[in-house]
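Down below is the structure, laid out as structure tokens.
The values are calculated or read from the model by the stated rules, or taken from the named source; none is laboratory data. Source: prediction; values computed, not measured. Cβ atoms come from the backbone with ideal geometry, glycine included; neighbour counts cover every protein chain shown.
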Amino acid sequence: MGDKMSEITTSTIDANNLTPKTVIDILKENYYIPAYQRGYRWTETQVLQLLNDIDFFKVITPLDGEKEPYYCLQPVVVKLKDDHYEVIDGQQRLTTIAIFIHYYNNIYNSKKRIREPIITYDTRLDSAKFIESLDIIGPEEFNPKWKRPSDAFNDIQISCGEFKEDDNIDFFHIAQAFKTIHYWFLQKGESYDETSIRSKILNHSKVIWYEVEDNQSNNSVDIFTRLNIGKIPLTNGELIKALFLMSSNFGPAEVSLRQIQIASEWDSIEKALQDDSFWGFIYNPKNPIKYDNRIEYLFDLMKGRTKDSEFYFTFNEFHAEFERTTLNGKPDIDTLWLSVKRLFLTFEEWFRDYELYHYVGFLIGCSGDRSLDCINMLRELSKNDKDVFKVKLKEEIKKQIPDDIESLEYGNKQIRSVLLLFNIVTVLQTQKSDMRFPFNRYKAENWDIEHVNSQTDQVITEDSRQRLWADDLLDYFVGATDSDSVMAYISDDNEDVNQTRKDFCRRILAIKEAKKIDDNDFDTLFKEIQVFFHEEKFSNKDNLYNLALLDANTNRSYGNAFFPIKRKRIIDNDSKGIFVPIATKNLFLKYYSTVSDNIMYWTEKDAADYLEAIKSVFSTFFSNPSEK
């Protein structure tokens, strides 16, 4: 299909043909499901989700001048053909609605029937007749043994006229959906007001109706392929872009120029957001909403979308704002687009300012899945003069750090904030340095809180982890892990080679090459090497003074690497240009230790000096109005 695959993209959606329509409105039309679409395939899970989502929606009486709220279903893409609409995308939802209405008419509304949509299925012509024939025979009460609809399928009896529900795969799925709807109503019980879901579906649910015009270059198959290869839904961002670029927004003299200008600025914003260093600064990956088109993140922030919002919440909010914000009878595009640019420019200013970058980056990095609340707070604070803004940011940062950091222990959620801030302030206080803390790499490379001196009580029992431990020790002692290199090291007559190390390597190699590792032999050797590295001489290994940010690779899967092993890997990574947080690197180089009697051991004195360094850095940072 070549270039035709570009149909219905961010640059070609015509918002003049895009509008939310209530279900009651779309029932007035006739529909045709063409042969290029697969048959009905919705499962009980999808049917239940649709019913539960709509039923959960709360109908609120709007205030004067406000639009009535509604629940938004996903798009229905159609093309007018004579006296019917060809359904290009959305036939699964449309068929489910038809099944629901037929069920409701038969069970609850025999006197005042809802118009059932007229749908013609090109592949299975009898599908519409099959839906019309469906009726419930029983049961009339919910069975507590049913934990899910599929548990009830054999118990729920239906009639389907001249047809059988297993005549073909389409009939089978339609029958399962019909039974699922019955299961759902039975589960609600007799006290449930069935008119509530009827009203919500018909009057308070809308589809995003997109009508493709005949003069558009691509045919229906091209459009269907674009929407369904990999099941690519129309995103909020694509639909919002269509709203901004619709021709009717502009006067005849400016239509082309303004459309080009907005489209160009849109692309510039998206390009800037694709810079991972910028994106990693303003976006927290713990945010439950993920983005392909990153500009959509701005729209979600502007409208307050959360993980509990319906999928098209942000588009609906923008659509409503386009109707409210008008100038001379048209949407006030300049005002609406300026609000988007202002948010982006705010982020850009924070990113470019050295101090703001680190202050804001820290707070967003600590926000977890509450990044929306954090950014709203930051936007409110940024209304102050920049110097005042920075002071207030420090006040917010201070709230993340407890006064008694020396009492923090492993497992406390505030430890990550303390260690992250220690690294950030260390960067800030590096004199005349252009270094920036790379938030994107910190977030992407899985840095976590780990012990510096290994945990004595963490026994390594799994065979694969024991062999990994052995490889790490051989690499440290010998610089290689293969048998020949280790044996050459062991047999070296050079008196400078430590005999204790040779003995360790001989026993480590024996463990590594054993078909089955003897746990007693392993534990004995582990404890001896632990003593050799002074790893056992720690009173409280869970205290903050024995914790640092380490990546998963450095800490290894066995989680019990000794200090010199971690130190070697940190140095190796740093020499290769792999990101290592500056305070973590300083710690393993024993930069904070006032006495460096042996760089291969991590002692309680080293740990105490490390804790004092953290406290000193924080004291300086919070006592000064700014770090120039």
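Helices (runs of 4 or more DSSP H) fully within the stretch 524-594 that include at least 3 residues being buried (at least 19 other Cβ atoms within 10 Å of the Cβ): 563-575, 582-588.
Return the pairs, sorted by first residue and then second, in which the second residue is modelled with pLDDT under 70 and surrounded by 11 or more Cβ atoms within 10 Å (Cβ to Cβ), the first residue lies in the stretch 57-78 and is within 18 Å of F311 (Cα to Cα) and in the same structural domain as I24 (by TED's automatic domain parsing), the beta carbons are less than 6 Å apart, and the residues are 6+ apart or on different chains. Cβ pairs passing all conditions: P75/L234. Considering only strands (runs of 3 or more DSSP E) fully contained in the stretch 1-83, which possess at least 1 residues that are closer than 30 Å to D166 by Cα and at pLDDT 60 or above? In the stretch 1-83, 30-33, 71-81 are the strands (runs of 3 or more DSSP E) which contain 1 or more residues that are closer than 30 Å to D166 by Cα and at pLDDT 60 or above.
Against the numbered list (1) touching an Asp or Glu at 6+ places or on another chain (Cβ under 6 Å); (2) free of Cβ contacts under 8 Å to residues at least 40 places away in the same chain, K399 comes up short only at (1).
The numbered conditions (1) part of a loop (DSSP other than H, G, I, E, B); (2) of a type in the set (A, V, I, L, M); (3) within 30 Å of E395 (Cβ to Cβ) are all true for A613 except (1).
Got at least one residue in the stretch 371-380 being touching a Lys or Arg at 6+ places or on another chain (Cβ under 9 Å), in contact (Cβ under 8 Å) with a residue 60 or more places away in the chain and closer than 25 Å to K341 by Cα? Yes, the conditions are met somewhere in the stretch 371-380. Helices (runs of 4 or more DSSP H) fully within the stretch 276-379 that include at least 3 residues being acidic (D, E) and in the same structural domain as S248 (by TED's automatic domain parsing): 313-324, 333-352.
Yes/no per residue for (1) modelled with pLDDT of 95 or more; (2) surrounded by 14 or more Cβ atoms within 10 Å (Cβ to Cβ); (3) closer than 21 Å to S623 by Cβ; (4) assigned by TED's automatic domain parsing to the domain that holds K537:
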{"residue": "I405", "(1), (2), (3), (4)": "no, yes, yes, no"}
{"residue": "L421", "(1), (2), (3), (4)": "yes, yes, yes, no"}
{"residue": "T430", "(1), (2), (3), (4)": "no, no, yes, no"}
{"residue": "R436", "(1), (2), (3), (4)": "no, yes, no, no"}
{"residue": "Y442", "(1), (2), (3), (4)": "no, yes, no, no"}
{"residue": "N446", "(1), (2), (3), (4)": "no, no, no, no"}
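Here the condition is being modelled with pLDDT of 90 or more and either under 14 Å from the mean Cα position of the chain (by Cα) or surrounded by 15 or more Cβ atoms within 10 Å (Cβ to Cβ) (or both); of E296, E317, E238, E310, it holds for E296 alone. Where residues in the stretch 17-50 are surrounded by fewer than 20 Cβ atoms within 10 Å (Cβ to Cβ) and in contact with an Asp or Glu (Cβ under 6 Å, 6 or more places away or on another chain), which of them is farthest from T120 (Cα to Cα)? My answer is N17. Scanning the stretch 588-619 for residues that are more than 16 Å from F563 (Cβ to Cβ) and of a type in the set (G, A, S) yields a count of 3. Do we have N109 as modelled with pLDDT of 90 or more and either closer than 26 Å to K200 by Cα or part of a loop (DSSP other than H, G, I, E, B) (or both) here? Judged against the criteria, N109 is not a match. Give the residue that is modelled with the lowest pLDDT, with candidates limited to residues of the stretch 534-570 that are more than 23 Å from S464 (Cβ to Cβ) and of a type in the set (S, T, Y). Across the stretch 534-570, the extreme among qualifying residues is S539. Do we find a residue being within 31 Å of the chain's Cα centre (by Cα) and at pLDDT 90 or above anywhere in the stretch 585-601? Taking every residue of the stretch 585-601 in turn, at least one turns out to be within 31 Å of the chain's Cα centre (by Cα) and at pLDDT 90 or above. S159 meets the stated requirement of being surrounded by fewer than 12 Cβ atoms within 10 Å (Cβ to Cβ), in contact (Cβ under 8 Å) with a residue 12 or more places away in the chain and of a type in the set (S, T, Y). Criterion applied to I101, I137 was being at pLDDT 90 or above, surrounded by 21 or more Cβ atoms within 10 Å (Cβ to Cβ) and at negative phi, and the one residue passing it is I101.
In the list A175, A152, which residue meets the criterion of being in the same structural domain as Q49 (by TED's automatic domain parsing), free of Cβ contacts under 8 Å to residues at least 40 places away in the same chain and crowded, with 21+ Cβ neighbours inside 10 Å? The match here is A152. For the stretch 481-489, state whether one or more residues are acidic (D, E), in a loop (DSSP other than H, G, I, E, B) and more than 38 Å from the chain's Cα centre (by Cα). Yes, the stretch 481-489 contains a residue that is acidic (D, E), in a loop (DSSP other than H, G, I, E, B) and more than 38 Å from the chain's Cα centre (by Cα).
The set of residues from the stretch 599-610 being out of contact with any Lys or Arg (no Cβ under 8 Å at 6 or more places or on another chain) and part of a helix (DSSP H, G or I) comprises K605, A607, A608, D609, Y610.
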